[in-house]
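Engineer: Handing you a structure now.
The values are calculated or read from the model by the stated rules, or taken from the named source; none is laboratory data. Quick caveat, the model's predicted, so the values are computed rather than measured. Here the Cβ positions follow ideal geometry from the backbone for every residue, glycine too, while neighbour counts run over all protein chains shown.
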Amino acid sequence: MITALKIIFSIIFLWVCYTVITTSLQSNLFEQWDYLGSIPWMRATLWDFYANVSVIYLWVCYKEKGIALKIVWLILLVLLGSIASTAFVLIQLFRLKPNEGLKEFFTSRNG
């Protein structure tokens, strides 16, 4: 199961990075911000994004003991979104020892 999750989250991470990079090369978000902000679905998407960041960040706060890492992850989650969240999940998956499973993935703390 853990190997499958590593593969799945690696694919998601690479796909999100590819999508963000290719989209950034085609379109400048900051130049189109006023237009995008006027679209109701864009506003809903941003609210959805920050709600997800809040949920994921609660797990990050549980997993990470140090305040500095908690702050770094908050900044990364807000700035990078799914790139940061999938990176965090991958880091947690690769930290597992061979005999550990989903219980340790969700409950063991770092540091």
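Engineer: Evaluate the range 63-70: report whether one residue or more is in contact (Cβ under 8 Å) with a residue 60 or more places away in the chain, closer than 17 Å to A87 by Cα and of a type outside the set (A, V, I, L, M, F, W, C). Step through it out loud before you land on a result.
Structural biologist: From the range 63-70, those in contact (Cβ under 8 Å) with a residue 60 or more places away in the chain are none; that's our starting set.
Scanning the range 63-70, I find no residue that is in contact (Cβ under 8 Å) with a residue 60 or more places away in the chain, closer than 17 Å to A87 by Cα and of a type outside the set (A, V, I, L, M, F, W, C), so the answer is no.
Engineer: Another question, if that's okay. Give the range 65-74 a look and list any residue that's of a type in the set (D, E, K, R) and at pLDDT 95 or above, or say none. Give the derivation first.
Structural biologist: Applying the first criterion (of a type in the set (D, E, K, R)) to the range 65-74 yields 65, 70.
Within the range 65-74, K70 is the sole residue that qualifies.
Engineer: Oh, and also: Conditions: (1) of a type outside the set (F, W, Y); (2) within 15 Å of the chain's Cα centre (by Cα); (3) exposed (fewer than 11 other Cβ atoms within 10 Å of the Cβ); (4) over 17 Å from S108 (Cβ atoms). S10 meets all but one. Number of the miss?
Structural biologist: For S10, the failing item is (3).
Engineer: So, one more: When residues of the range 1-41 are filtered for being among the charged types (D, E, K, R) and assigned to a helix (DSSP H, G or I), how many remain?
Structural biologist: Matching residues across the range 1-41 total 2.
Engineer: Right, another one. In the range 76-108, which residue that is among the hydrophobic types (A, V, I, L, M, F, W, C) and out of contact with any helix residue (DSSP H, G or I) (no Cβ under 9 Å at 6 or more places or on another chain) is farthest from L14 (Cα to Cα)? Break it down into steps so the answer makes sense when it comes.
Structural biologist: Of the range 76-108, the ones among the hydrophobic types (A, V, I, L, M, F, W, C) are 76-80, 83-84, 87-91, 93-94, 96, 102, 105-106.
Those still in the list that are out of contact with any helix residue (DSSP H, G or I) (no Cβ under 9 Å at 6 or more places or on another chain) too: 79, 91.
Numbers: L79: 17, I91: 14 Å.
In this case the residue turns out to be L79.
Engineer: Related question: Restricting to the range 87-111, give me the number of residues that are in contact (Cβ under 8 Å) with a residue 12 or more places away in the chain, assigned to a helix (DSSP H, G or I) and of a type outside the set (F, W, Y).
Structural biologist: 7
Engineer: Within the range 42-71, can you find the residues that are acidic (D, E) and assigned to a loop (DSSP other than H, G, I, E, B)?
Structural biologist: Within the range 42-71, the subset acidic (D, E) is 48, 64.
E64 - this is the single residue of the range 42-71 that is acidic (D, E) and assigned to a loop (DSSP other than H, G, I, E, B).
Engineer: Just wondering, is there one or more residues in the range 41-52 that are surrounded by 12 or more Cβ atoms within 10 Å (Cβ to Cβ), over 13 Å from the mean Cα position of the chain (by Cα), at pLDDT below 95 and closer than 30 Å to K103 by Cβ?
Structural biologist: Checked the range 41-52: no residue is surrounded by 12 or more Cβ atoms within 10 Å (Cβ to Cβ), over 13 Å from the mean Cα position of the chain (by Cα), at pLDDT below 95 and closer than 30 Å to K103 by Cβ.
Engineer: Considering each residue of the range 71-91, count those that are surrounded by 15 or more Cβ atoms within 10 Å (Cβ to Cβ) and either more than 22 Å from L5 (Cα to Cα) or hydrophobic (A, V, I, L, M, F, W, C) (or both), and give that number.
Structural biologist: Going residue by residue through the range 71-91, those that are surrounded by 15 or more Cβ atoms within 10 Å (Cβ to Cβ) are 73-74, 76-77, 80-90.
Then keep just the ones that are either more than 22 Å from L5 (Cα to Cα) or hydrophobic (A, V, I, L, M, F, W, C) (or both); that gives 73-74, 76-77, 80, 83-84, 87-90.
The total comes to 11.
Engineer: Moving on to the next point. Scan the range 45-52 and give yes if some residue there is in contact with a Phe, Trp or Tyr (Cβ under 8 Å, 6 or more places away or on another chain) and among the charged types (D, E, K, R), otherwise no. Walk me through it before giving the result.
Structural biologist: Step one: filter the range 45-52 for residues in contact with a Phe, Trp or Tyr (Cβ under 8 Å, 6 or more places away or on another chain), giving none.
No, that holds for no residue.
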